[in-house]
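This report refers to the structure that appears directly beneath it.
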Amino acid sequence: MAETVYAHESVAQADAHAAAAHIEHDTNTGISNTKLAMWLFLASECLLFGGLITTYILYRNPLEGPTPHEIYDIPFTSTSSFILLMSSLTMVLAVSAIERGDHQRLRVWLGATALLGATFIAGQVYEFTVFYREGLGFTTSRFSSAFYTLTGFHGVHVTVGIIMLVSLLVLSLRGKLPEHRSETVEVVGLYWHFVDIVWIFIFAVVYLVPS
Amino acid sequence: MALTSHDDIPTDVLDGAVKPYSRDKIYVLTALFLAAITVVEVLTYAAPDFPLWSHEHNLIVPVLMILMAVKFFTVAYIFMHLRFDKPLLTRVFYSGLVVALLVYIAVLSTFRIWWSDQHN
């Protein structure tokens, strides 16, 4: 039977209860403030990315410079998308691992997620470089500005996610990420999955929908 | 006692969960499902003459939007645990999503994006 540990107890007391410990949050909702705050943040992020995607849709047919479908490399972007999608699997496996107290696998899955995210970012840097060499600079057209702003903002979000994942990995290696703090991994996971679902949207609307 | 990857998560162990569920197997199957949908999405580009979304039927955008929505909600429900967490979190997320959709549909409508070809 799981033992209940209250959020106001000290970390040392909570560590002593670890294994199948459950932090019962003494909030009105029964949900921890951190987790609720992350969901509120993600809800607000819908507005941010909605604005960027809408701007892209409005300006997707450029009056000057290369057109989207002259420069997009769909097979390459599809591979990047697949890599980011699979990073969601490794992320959720990391959350699952810490919830059952398997720290070894937690580190493996966190490392794999960060690596897949870094691969995606490397692909994006490569794509931007190719586009720039083909004449699509940030100020070439309204389309190029909207495209680079949208995908660049997403790339920054992925980069922030990678930093958080590496931080979790370091914390885990130093033994500062016990089971009862699994929610920390879960909250970072929520952010990571959100970054993935935003890309699901971008991949379809920006790359696959014909002009 | 430590759980294994084959065990269900008891409701009282998983923070905020309201339903027990088996974990890693569901996650891997979900990822395979998402990968399969991605393949179909890419096929709309690689095989544009496939009857379902060929130029003749002009269904490529609806097909892509449906596939995108399926992927979006699958990740939100399974990987982000909305299916299993307290309903308040679903409402919080949907409130942001719905407000964003309404606002930007209004913006696109203001710019006459849906019927610009006929009226310009």
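General observations
- Counts of other chain beta carbons within 10 angstrom of each beta carbon in peptide B:84-94 average 4.
- Computed P(r) (all Cα pairs; region B:20-84; 10 Å bins; percent): 20, 42, 24, 12, 2
- Cβ-based charge dipole, region A:33-208, positive-most Cα from A:Ile202, A:Pro62, A:Thr90: A:Thr90
- Mean partner shielding of peptide B:36-47, defined as the number of other chain Cβ atoms within 10 Å of each residue Cβ, is 4.
- Residue among A:Glu186, A:Glu64, A:Glu45 with the largest mean-square fluctuation in a Gaussian network model of chain A, springs linking Cα atoms under 10 Å: A:Glu64
- Choice from A:Leu48, A:Leu136, A:Leu84 with maximal GNM fluctuation in chain A (Cα, 10 Å cutoff): A:Leu48
- Largest accessible area first, the residues A:Phe49, A:Phe41 order themselves as A:Phe41, A:Phe49 under a 1.4 Å probe with ligands, DNA and RNA left out.
- A simple charge model with +1 on the Cβ of Lys and Arg, -1 on the Cβ of Asp and Glu and nothing else charged puts the dipole of chain A at about 380 debye relative to its Cα centre.
- Of all complete DSSP H helices in chain A, those with a Cα span along the helix axis of 20 Å or greater and a mean Kyte-Doolittle hydropathy of 1.0 or more are A:33-58, A:74-99, A:142-173, A:182-202.
- Student exercise, region A:122-211 dipole from Lys, Arg, Asp, Glu Cβ charges, in Debye to nearest 20: 220 debye
- Burial ranking of peptide ranges A:65-75, A:165-175 (average Cβ count within 10 Å, highest at the top): A:165-175, A:65-75
- Net charge contributed by nearby residues that have their C-beta within less than 14 Å of A:Leu110 (K/R +1, D/E -1): +2
- Environment charge of A:Ile71, counting only residues whose C-beta is closer than 12 Å and scoring Lys/Arg +1, Asp/Glu -1: -3
- Debye-sum result for region A:109-171 in log10 I(q)/I(0), which assumes one identical scatterer on each alpha carbon, at q = 0.12, 0.20, 0.22 Å⁻¹: -0.37, -0.76, -0.84
- As a calculated quantity, the FRET efficiency between A:Leu171 and B:Val103 at R0 = 41 Å, using C-beta atoms, amounts to about 0.60.
- Computed on the Cα atoms alone, the convex hull of region A:33-208 gives a volume of 99 cubic angstrom per residue.
- Distance between modelled label sites at B:Asn58 and A:Glu70, nm, 7 Å Cα→Cβ extension: 2.6 nm
The values are calculated or read from the model by the stated rules, or taken from the named source; none is laboratory data. What you are looking at is a predicted structure, and each value in this text was computed from that prediction instead of being measured. Glycine also receives a Cβ, built like all others from the backbone with ideal geometry; neighbour counts cover every protein chain displayed. When the accessible area is computed, the model is the full protein with side chains, heavy atoms only, and any ligands, DNA or RNA have been set aside. Shrake-Rupley method; radii C 1.70, N 1.55, O 1.52, S 1.80 Å.
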